[in-house]
Amino acid sequence: MKRPVTSGTETTNPAAPSAPAAPSTPFSATGSAADPAAAPAAGLDGIPRQRPLTVSVEGVHVAVAVAESVPTAAERAPAAAGSVRPRFRPLPARLRRVRPWRLFPTPTGTPFTFGYAVVLAVTSVIAEYADPGLVDRVLQASSTDVAHLAQSPVRVLVASALWIAGGLTSTYVIAFLLVLTALERRIGGWRTAGVFLLGHGLATLATEIPVGLSVLAGHLPESSLHRYDYGISFGVAASVGALAGLLRPWLRWTVLAVFGWMVIGDLIAFTDPMTNWGHTMALAIGVATWPLLRRVSSRTKTGTPEAPRTARACP
């Protein structure tokens, strides 16, 4: 049975336009609903309150319930929720971009530094736990002294960079990880390897050639031609100097001041003059690469290539 359609002042039934429509719910003579259960309970949220509306259809008064415009709980919820202030404020965008794990090498982000660090870890374990006599012979063969440099310079320059003087407890281990990781993220693996080897090779030659000349002149004994000289400190010092040129000015001069003070302190102590002068020369070699590194492509914090003119690290 179709429900009557109510409009304004009369009710019509499309199926029977000539006959008055009978209400679907019995009503009393006073116009109120006869079934109390059919009326909605007052005070319940979500159920609109209703008031009777009397309309006349051919002389018969019929009471029709009309919903009042009362906001429901669901309608009031967004306004109430919107008025609640968040307990925690979001971090600034600059802090959200900080990723501490990027300070250390990773296989995908910095493959050269990561692979080199693995090799150094293996050789350090060998030097720590292998037979002392065997380790001594290997280190002697890897030393970049004057005698070995005169016979096979390329071999000993590469072999000497595979060992850490002092083992894994050396302070240059942390400097190696932090400095080379930051440098490789800015200029790439091949350029980082080039800077490291450049400082390692040139600083070694700059300290060993005077020794050979002094032996020839008779100022030093011939035993000076067979001294131990190996490690990564010259390459790390050159990498520190190169990285400083890619940093912001305030951080650049801070890094140079701290590392320079360490080098000067070693020179004042005069415990190993050749090695200490080698660190100073390697740092200067790294600084000398600034013009070249500022013209090449650098990397952003996300590791994507960036044009040199837009790189903030290369003013």
Check: Average projected area of the Cα convex hull of segment 178-274, in nm²?
Finding: 7.2
Next item on the list: From largest accessible area down, sort Val146, Val158, Val119, Val240; use a 1.4 Å probe on the protein chains.
Entry: Val158, Val119, Val146, Val240
Check: DSSP loop chymotrypsin sites (Phe, Trp or Tyr not before Pro) in segment 242-286 with at most 11 other Cβ atoms within 10 Å of their Cβ, which ones?
Finding: Phe270
Check: Any idea how far the Cα center of segment 207-283 sits from the one of segment 153-185, in Å?
Finding: 14
Notebook entry, point to check: If you put +1 on each Lys and Arg Cβ and -1 on each Asp and Glu Cβ, how big is the dipole of segment 185-305 around its Cα centre, in Debye rounded to 20?
Noted result: 1040
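Which whole-number value in Å² is the accessible area per residue of segment 169-275, probe 1.4 Å? Let's see the in-between values first.
Numbers: 5230 Å² over 107 residues.
Ligands and nucleic acids excluded, the result is 49 Å² per residue.
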Check: Of Val215, Gly241, Val158, which is farthest on the positive side of the dipole of segment 109-242, counting Cα position, with +1 on Lys and Arg Cβ, -1 on Asp and Glu Cβ, and the Cα centre as origin?
Finding: Gly241
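If you wrap a convex hull around the C-alpha atoms of segment 93-243 and split its volume per residue, what is the figure in Å³?
Numbers: hull volume 18.3 nm³, N = 151.
Convex hull volume per residue, Cα atoms: 122 Å³.
Note down the magnitude of the dipole of segment 97-200 about its Cα centre, charges +1 on Lys and Arg C-beta and -1 on Asp and Glu C-beta and zero elsewhere, to the nearest 20 debye.
Values: 8 positive and 5 negative charges, 142 e Å.
Charge dipole of segment 97-200: 680 debye, to the nearest 20.
The values are calculated or read from the model by the stated rules, or taken from the named source; none is laboratory data. Remember, predicted model here, so these are calculated numbers, not experimental data. Cβ sites come from the backbone with ideal geometry, for glycine too, and all protein chains shown count toward neighbours. Calculation scope for accessible area: heavy atoms of the full protein, side chains included, ligands and nucleic acids excluded. Shrake-Rupley method; radii C 1.70, N 1.55, O 1.52, S 1.80 Å.
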